[in-house]
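A short write-up of the structure that comes next.
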Amino acid sequence: MQKRLLTRLRNTGINLVDGFWLMVDGTFQTINQKPSTINLQTMLNKGLRDEEKIRIDNVLKTLRTLVYVPYPLNNLEKENIENQLKEIGLNLETLSSQTNDDLITLLMRLHFDWEHLEKFGDILIEFSKDENYNFTDKTLAIYQYIQKESKVFSFGINTKISSLKNK
């Protein structure tokens, strides 16, 4: 069985001469130490990043449901939005007062990935429909940052940028 596995791995271009291998994120990685002595800190950091990603996802989902309301927001709904923003270290005052670049830097420090940034931009656009808040410039900056820094062209993001520029 081990011989068949080694043959399969070599057929995929993986060379296992003097090392051990480890499956990481769907790909095989060679390591120079026994698997039992692999640095557990790396595994723990990945687990913490996953927990942080899940936490941010949950907050953004809740914010999305609070912001997508077909009528003007009342004080209770605004308070709920404020509470959800606090879950990720933000508030309405911070959003309003930050420059576009400072907001993006802050979001990146809060461990937002590209998907989180896009969702957050979508939420800001919906929230901007309330007459007291206008976050379209910040959202445009977020979308442009994603398009530039992610190194992947997205037609969806590009369409959102075009629609914001045409407003």
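The values are calculated or read from the model by the stated rules, or taken from the named source; none is laboratory data. Computed from a predicted model, the values in this text were never measured in an experiment. As a convention, Cβ positions derive from the backbone with ideal geometry for all residues, glycine included, and neighbour counts pool all protein chains shown. Each accessible area value is taken on the protein alone, full model and side chains, heavy atoms only, with ligands, DNA and RNA left out. Shrake-Rupley method; radii C 1.70, N 1.55, O 1.52, S 1.80 Å.
May I ask you to say which residue of 138, 151, 165 is charged (D, E, K, R), touching a residue at least 12 places away in the same chain (Cβ under 8 Å) and within 22 Å of residue 56 (Cβ to Cβ)?
Values: 151 fails: touching a residue at least 12 places away in the same chain (Cβ under 8 Å); 165 fails: within 22 Å of residue 56 (Cβ to Cβ).
Criteria check complete, one pass: 138.
Give just the number: which of (1) farther than 22 Å from residue 161 by Cα; (2) open to solvent by less than 40 Å² (accessible area, probe 1.4 Å) does residue 111 not satisfy?
(2)
Open to solvent by 80 Å² or more (accessible area, probe 1.4 Å), more than 18 Å from the chain's Cα centre (by Cα) and either hydrophobic (A, V, I, L, M, F, W, C) or at pLDDT 95 or above (or both): which single residue out of 66, 164, 76, 92 fits that description?
On the way: 66 fails: open to solvent by 80 Å² or more (accessible area, probe 1.4 Å); 164 fails: open to solvent by 80 Å² or more (accessible area, probe 1.4 Å); 92 fails: open to solvent by 80 Å² or more (accessible area, probe 1.4 Å).
Criteria check complete, one pass: 76.
Which residue is nearest to residue 92 (Cα to Cα), if the candidates are limited to the stretch 138-156 and must be assigned to a helix (DSSP H, G or I), open to solvent by 70 Å² or more (accessible area, probe 1.4 Å) and modelled with pLDDT under 95? Spell out how you get there, then give the answer.
Here is the first cut: in the stretch 138-156, the residues assigned to a helix (DSSP H, G or I) are 138-149, 155-156.
From the residues that got through so far, the ones that are open to solvent by 70 Å² or more (accessible area, probe 1.4 Å) too are 144, 148, 155.
Adding the requirement that they be modelled with pLDDT under 95 leaves 148, 155.
Numbers: 148: 26, 155: 30 Å.
So the residue we want is 148.
Of the residues 128, 97, which is more than 15 Å from the chain's Cα centre (by Cα), open to solvent by less than 40 Å² (accessible area, probe 1.4 Å), farther than 17 Å from residue 57 by Cβ and free of Cβ contacts under 8 Å to residues at least 12 places away in the same chain? Write out each step before concluding.
Working: 97 fails: open to solvent by less than 40 Å² (accessible area, probe 1.4 Å).
Criteria check complete, one pass: 128.
Would you be able to tell me the number of residues in the stretch 108-135 that are part of a helix (DSSP H, G or I), touching a Leu at 6+ places or on another chain (Cβ under 6 Å) and within 18 Å of residue 93 (Cα to Cα)?
Final tally of qualifying residues: 1.
Kindly evaluate residue 102 against the criterion of being touching a helix residue (DSSP H, G or I) at 6+ places or on another chain (Cβ under 7 Å), open to solvent by 70 Å² or more (accessible area, probe 1.4 Å), part of a helix (DSSP H, G or I) and not small (Gly, Ala, Ser).
Values: touching a helix residue (DSSP H, G or I) at 6+ places or on another chain (Cβ under 7 Å): no; open to solvent by 70 Å² or more (accessible area, probe 1.4 Å): yes; part of a helix (DSSP H, G or I): yes; not small (Gly, Ala, Ser): yes.
When the stated conditions are applied, residue 102 does not pass them.
Write out, first by first residue and then by second, each pair whose Cβ atoms fall under 9 Å of each other, whose residues are 6+ apart or on separate chains, and whose first residue, in the stretch 64-91, is farther than 20 Å from residue 110 by Cβ while the second is in a helix (DSSP H, G or I) and at pLDDT 90 or above.
68/123
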